[in-house]
Amino acid sequence: MNQRILLATDGSASARSAEAMAVNLCNHMGRCTLEVVTVIHPQVEKAAYSRAHPYGAYSSRADVTEAERLLSEVGDRIRAQLTNPEAKVYEQLLEHDSPAKAIVEEAEATGECGMIILGARGLGGFESLALGSVSSQVLHAARCPVLIIKE
């Protein structure tokens with residue numbers, strides 16, 4: 001059976017810690033697919049998320065280029081550390097006005113996601129209370145297990 005793990009990254013130090021945990025888990029599994037995602041915010045209001053068109057003309061070319069660069073770097077780093085020959089890695093750029101919602105929707109799109117792994121940036125106090133962190137929102141909305149890694 002193939003285990004599917006969704007790793008959400010934003011390039012932060014906590015996301016790098018989550019990346020290391022995802023690699024460690026994949027190296028100790030049988031068949032494993034690791035989907036690395038990052039979310040960019042659209043420049044304009046757009047229609048609802050669609051797996052067929054996860055991003056499009058709603059973001060600036062600079063945002064898309066930067067996100068693709070991040071995904072490529074993370075994907076390459078993960079592939080270099082994987083020792084499990086049955087592990088596969090692919091990257092996916094998502095566009096949504098809510099990163100948490102995009103992560104959860106992508107995880108649930110196929111019904112096969114076994115776990116979401118993401119970092120916690122550690123916003124505290126009023127900021128976290130008023131806005132709610134992405135990791136907290138994912139934790140409460142996801143139907144699969146969520147592993148939140150602190151730096």
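Keeping to the range 74-98, report how many residues are under 21 Å from residue 20 (Cβ atoms) and either in contact (Cβ under 8 Å) with a residue 40 or more places away in the chain or not charged (D, E, K, R) (or both).
Summing the residues that are under 21 Å from residue 20 (Cβ atoms) and either in contact (Cβ under 8 Å) with a residue 40 or more places away in the chain or not charged (D, E, K, R) (or both) in the range 74-98 gives 17.
Can you pull out every residue in the range 114-131 that is modelled with pLDDT under 95, touching a helix residue (DSSP H, G or I) at 6+ places or on another chain (Cβ under 8 Å) and outside any helix (DSSP H, G or I)?
Residues satisfying the conditions are 119, 120, 121, 122, 123.
Output the number of the condition that residue 83 fails; it satisfies all remaining conditions of (1) under 19 Å from residue 137 (Cα atoms); (2) outside any helix (DSSP H, G or I); (3) modelled with pLDDT of 95 or more; (4) not small (Gly, Ala, Ser).
All conditions pass for residue 83, except number (1).
Is there a residue in the range 57-77 that is in a helix (DSSP H, G or I), surrounded by 15 or more Cβ atoms within 10 Å (Cβ to Cβ), at pLDDT below 90 and among the aliphatic types (A, V, I, L, M)?
Yes - at least one qualifying residue is present in the range 57-77.
Collect the residues in the range 1-47 that are of a type outside the set (A, V, I, L, M, F, W, C), more than 30 Å from residue 60 (Cα to Cα) and surrounded by fewer than 16 Cβ atoms within 10 Å (Cβ to Cβ), keeping them in residue-number order.
The answer is 2, 24, 27, 28, 30, 31.
The values are calculated or read from the model by the stated rules, or taken from the named source; none is laboratory data. Every value quoted in this text rests on a predicted model; they were computed, and no experiment measured them. We place every Cβ from the backbone using ideal geometry, glycine too, and count neighbours over all the protein chains shown.
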